[in-house]
Amino acid sequence: MVAPVRVPLAVLCVVLFGSFARADLQLTPEVAEYELDGAKLSHLVFPDGSQRVNYTPPHGWQYVGDNSRFILHPKSDLGAEAIINTVKLPQPQIFDESTMKRLSDEVIASLPSAATHVTIASQQKNPVVIENKETFLIIVNYDCYGTLYARSVMFLNRRGEQMRFQLTSSLRNFAQLQKQFLSSHFSWQNL
């Protein structure tokens, strides 16, 4: 007769609960092709535990990513930059008045130290709803060494992390670039 094998409780918990745990979204993209109405198209795929998150960046924008952030540059304005990153949330968060105020303060604090004449141009809840997840968008204008800039940051909460979609460009090109960047967010899938 063979004696039963005793598995320590800690090992059993790691095996059982480890299969349910999800890794954080990794922002290193892979290009994947798919077919739609006979046309071959491509989008980017990001690993998210056992799932794959899909995104199609604005047409013609160049990109690079690593585990913690995804950076895009429009060809039409090489000084402009979009950054998508994630931040761990210590607890679930809703976009109430106090949270929106705190996030607005964070956006202002993230501006270059030389920024002057900082103004909040707009704040909007749910400019884009991605897979039934609420968003909060803030746009600030500022002057830096005599050049006028605009920065938008859109926040989206998912599980235990917050995605941040930031675009910074000269004020004169901002409206067009913001429209392209914001429109691309409709392509997110499996968030």
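Key figures
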{"quantity": "Residues that are in a loop (DSSP other than H, G, I, E, B) and either within 17 Å of the chain's Cα centre (by Cα) or under 18 Å from Ile130 (Cβ atoms) (or both), drawn from region 35-73", "calculated": "Gly49, Thr56, Pro57, Pro58, Trp61, Asp66, Asn67, Ser68"}
{"quantity": "Residue match in region 107-119 (condition: open to solvent by 20 Å² or more (accessible area, probe 1.4 Å), touching a helix residue (DSSP H, G or I) at 6+ places or on another chain (Cβ under 7 Å) and farther than 30 Å from Arg52 by Cβ)", "calculated": "yes"}
{"quantity": "Leading residue by the ranking (nearest to Pro127 (Cα to Cα)) among those in region 145-170 that are surrounded by 15 or more Cβ atoms within 10 Å (Cβ to Cβ) and of a type in the set (A, V, I, L, M)", "calculated": "Met154"}
{"quantity": "The lone exception for Ile130 - which of (1) open to solvent by 20 Å² or more (accessible area, probe 1.4 Å); (2) under 30 Å from Pro90 (Cβ atoms) it fails", "calculated": "(1)"}
{"quantity": "Residue match in region 49-60 (condition: of a type outside the set (D, E, K, R) and under 14 Å from Met154 (Cα atoms))", "calculated": "no"}
{"quantity": "So Leu27, is it surrounded by 13 or more Cβ atoms within 10 Å (Cβ to Cβ) and touching a Gly at 6+ places or on another chain (Cβ under 7 Å)", "calculated": "yes"}
{"quantity": "Qualifying positions in region 131-151 - of a type in the set (Phe, Trp, Tyr) and within 14 Å of the chain's Cα centre (by Cα)", "calculated": "Phe136"}
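The values are calculated or read from the model by the stated rules, or taken from the named source; none is laboratory data. In this text the structure is predicted, and so the values were computed from the model without any measurement. Neighbour counts run over all protein chains shown; Cβ positions are idealised from the backbone, glycine included. Remember, those area values only see protein heavy atoms, side chains included, never the ligands or the DNA or RNA. Shrake-Rupley method; radii C 1.70, N 1.55, O 1.52, S 1.80 Å.
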